[in-house]
1. Buried (at least 20 other Cβ atoms within 10 Å of the Cβ) and closer than 16 Å to B:Ala263 by Cα: is that true of B:Val366 in this structure?
2. Could you list all residues from the range A:230-282 that are over 16 Å from A:Leu208 (Cβ atoms) and charged (D, E, K, R)?
3. Restricting to the range B:155-197, give me the number of residues that are modelled with pLDDT under 90 and not in a helix (DSSP H, G or I).
4. If you go through the range B:154-177 one residue at a time, do you hit one that is under 25 Å from the mean Cα position of the chain (by Cα) and of a type in the set (Ser, Thr, Tyr)?
5. Just to verify a result, which residue in the range A:227-257, among those that are touching a strand residue (DSSP E or B) at 6+ places or on another chain (Cβ under 8 Å) and part of a helix (DSSP H, G or I), is farthest from the other protein chains (Cβ to nearest Cβ)?
6. So, in the range B:173-189, exactly how many residues are surrounded by fewer than 21 Cβ atoms within 10 Å (Cβ to Cβ) and either closer than 14 Å to B:Val301 by Cβ or acidic (Asp, Glu) (or both)?
7. Looking at the range A:239-257, can you tell me whether even one residue there is free of Cβ contacts under 8 Å to residues at least 24 places away in the same chain and either under 24 Å from A:Met288 (Cα atoms) or among the basic types (Lys, Arg) (or both)?
8. Only residues in the range B:354-383 that are under 18 Å from B:Ala233 (Cβ atoms) count as the first member; pair them with residues that are modelled with pLDDT of 85 or more and aromatic (Phe, Trp, Tyr), Cβ under 6 angstrom, at least 6 apart or cross-chain, and list the lot.
Amino acid sequence: MNELTSISRRNFLRLGALGTLGAAGAAALAQQNQAAAHEAAPPVRPNSDGIDHSTHGGNLTVGDVDTTPPNFDPTKYLTAFDYGKMSKLPNGQTLREWDVFAADKEIEVAPGVYFPAWVYGTEQHGAHVPGPTFRCTEGDRLRFNFLNAGSHPHTIHFHGIHPPAMDGITPILQTGERFTYEFDAKPFGLHLYHCHTPPLKRHIHKGLYGAFLIDPPGGRAPARELVMMMNAFDTNFDGENEIYAVNTVAFHYARHPIPIKVGELVRIYLVNITEFDPVNSFHLHSGMYRLYRTGTRLDHYEFTDTVTMGQGERHVLEFTPDYPGRYMFHAHQSELAELGWMGMFEATE
Amino acid sequence: MDTTQPASTPSAKTGAGLPAWLSALVPFALLSALVAVFFFGSPLAVFRTEGLPPVESLSLERIELRPGKFVATVFNSSPDPITISQVTVDDAFWQFEISPAGPIPRLGRSTITIPYYWVQGEPHAIAVITESGTAFAGEVSIAVETPQPGMTQFIAYGLLGIYIGVVPVGLGLLWFPAMRRMGRRGLNFVLALTVGLLVFLLIDTALEAIEAAGSVAGVFQSLPVAVFAALLAWLAILAVSGKQTESGRDSSAGRLRIAALIALSIGLHNLGEGLAVGAAFALGEAALGSFLVIGFTLHNVTEGVGIAAPMTKDKPSLKAFVSLAALAGLPAVVGAWIGGFAYSPLLATIFLGVGAGAIWQVIVEVGRLLIRDAEKHGESAANWINVAGLALGIAIMYFTAYFVKF
């Protein structure tokens, strides 16, 4: 209701400067009236309108996204690792090979809200945001045969150590062009990949990114492993995000809690690719986690329940639930949490 | 048809062998065919680009605050139906119910109920997000429970209208005896002052109409609506007063008629003021409201003077005075009710447009009184007394408006 913005309270206060008797008198009267209005204010009661308030006081989206194949299922994405086509090179080195493509695709980012995305895909993963989680072991030879099937020029830029010629800055591939990125996997840790074609902001926030996981040669302790990509969507292209999430769909894990077991180690591969906001964060309720920064060392850096990350930062988080029940997790920027970046673990015995 | 001509065959007249009614249908048939081609075919395919988002235009017309919830009315003025997928309150997704469920048709309305513990006296922002991710925002500038129509509220809003409309006009009319004792020059001065205050009201009403038009959905073409309303009001009053003879105008009845015309047009203006005050109270500007009420009362006292001015040569009955006060003041009551319980910017635009048209014609009528008097006495109508009266009228309205403009 802005038809009467000309009569705003701020403007009313400005009148005090007039200092005329009439204004002062009337203002005093107005204040009295206001005080009276305050006392007479109706108590704000819980309502009985039949709307479900059981979930976090109404701060949720309405409805559910369609996760039937070939649509994106955030729950399946958590544990979907793409190891590539494996073979041995003559020198005994393991070769992993992927056929990757970029494409245009409309995706559902909140129930009933569609976003014209640019996506990476593989045969195993399909074409989604985030792209496939490429997983390998330190020392493997990696080969990504990339085809740009999208309407715009794209590349794949990998984080990690590799020859600059394989870095994905050049060549920029026009529609229909191919390029093979080939390098050895190092160092072990949690990395990421994304398109590096300018304008970078647009190419990243439209969805061209994914997790790139290099396991240490001896592996890590057995655990329930989950990939979480903190991302966001500027659905009206005004340079600010309307929707935040882990793994694209706002509030998906609030509606569909992630099942875990009491006493079982949970390992989260957490990546922040949120565009436009300077930082994002991960806060766990009812528990604390060991934080392995960038996952590049096997001794943990910190024992905490909140970590703040700039764009492109990624960490490995490990915790073991002590009690059964629902463990909330969310960005500890309340605004981001309330715009979709909130979820639940459901721990059972 | 020319009936004096001898009867001839229809074919001779149309030259096409078709009855007149049938030939009149030919353009319609061709038009229908053209519409069908556009509807079923795609003659504009060359302009079409893949993947363009739909043109969407939604407005949150009214946001009501009830205990523990917002109830928002959403109007769709875009070319296609729109589905509201999500709702945010203060940048947080919130659960809601929409009724009727499903997409909102073009020119349709839906009601969105959002359970929310709003904070008394603080602002809130509500946004609806459509399928395409476009957000349309509405603002609650100060959260306070929206008045629901009930006897107490009805009386309270009615009294509001009486304070700002009937009371000041009535008080202004009480100057009539004093005005009667003034000489010709004094009376002309008061009439010129009336023209001055009407000129102020004309500009004020026109600007208010433009402002109200600004918040109406584009499909209603609110600015042209305001202009047409003004034009029609002017023509209607012209038609009514046109029946009078020139001599009739200078009779006691003629002057009373002019006073009634002034009262009517001022009434239309006061309707707009009632709307503003009623809506301000309903939107939680109660603190401002009492200030507004005092302001409008002072501002509108001059209107009573304006109504009385043309009748100073006569002895109107008490009944005439009461009727004039009611005509000029009671519309403020109606305005306060509409503003409080069913504010609609489109309705406000129409009322204000009508008010502007009416005031224009009254300026012409009162001006004519002054011109005729000046001619009778061999003076120019633009003499110092008249000009000073006009200037003072504008000045009084301008400075008393300090109480109601922010």
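The values are calculated or read from the model by the stated rules, or taken from the named source; none is laboratory data. Every value quoted in this text rests on a predicted model; they were computed, and no experiment measured them. So basically every Cβ, Gly included, is an ideal-geometry build from the backbone, and we count neighbours across all protein chains shown.
1. yes
2. Those that are over 16 Å from A:Leu208 (Cβ atoms) and charged (D, E, K, R): A:Asp238, A:Glu240, A:Glu242, A:Arg255, A:Lys261, A:Glu264, A:Arg267, A:Asp277.
3. Of the residues in that region, 4 qualify.
4. Within the range B:154-177 (the criterion being under 25 Å from the mean Cα position of the chain (by Cα) and of a type in the set (Ser, Thr, Tyr)), the answer is yes, since at least one residue qualifies.
5. Checking each candidate, the answer is A:Tyr253.
6. 5
7. no
8. Sorted first by the residue in the range B:354-383, then by its partner, the pairs are B:Gly357/B:Trp234; B:Trp360/B:Trp234; B:Gln361/B:Trp234.
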